[in-house]
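The values are calculated or read from the model by the stated rules, or taken from the named source; none is laboratory data. Predicted, not measured: the structure shown is a model, and the values here were computed from it. Calculation scope for accessible area: heavy atoms of the full protein, side chains included, ligands and nucleic acids excluded. Shrake-Rupley method; radii C 1.70, N 1.55, O 1.52, S 1.80 Å.
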Amino acid sequence: MSRANSDTPQDSASAKARQVTAKVTAPASRAADEAAERSGDVGSAAVGAARRAADAGTEAVRGAAERVRAGRQVVIGASGRAVVAARTAWKAIAHRRVLAAGVGAGLSALGAASYLAGRRAERRTHGPITRLTGGRI
């Protein structure tokens, strides 16, 4: 008996069983493959969304850091101006006697100048002969 004759009925039954099993499991296999592809797409979409969220968070933190840095520069500038004003005021207080004397001298000079200007305007003008003779003629 040849091997082909003895294996044929058994092989054909197992082949039919394999075909039926393949037909029955084909839709489930396809669905599983599609689900795997979709889960891969969903996973990559989730990774992309997480990356975008992380990038947005990083940009927000970076923007906040820039605003903090700008605010810090404003505070430093304002404190520098306050220090200069305080130093100037302290020097004025420390040298108040000198400042008072300078202001007094300035006011005295201004008063004297205005008095002399007023006296000069009050004088009558004389001609050259009257000036030459000292006012006698």
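The orientation-averaged shadow of the Cα convex hull for region 42-90, equal to a quarter of the hull surface, comes to 2.8 nm². Within the accessible area of region 43-98, the carbon and sulfur atoms contribute 67%, probe 1.4 Å, all protein chains present. Stick to the Cα atoms of region 67-137, pair each with every other, and give me the Kirkwood hydrodynamic radius in Å at one decimal. About 17.7 Å, per the Kirkwood formula over Cα pairs.
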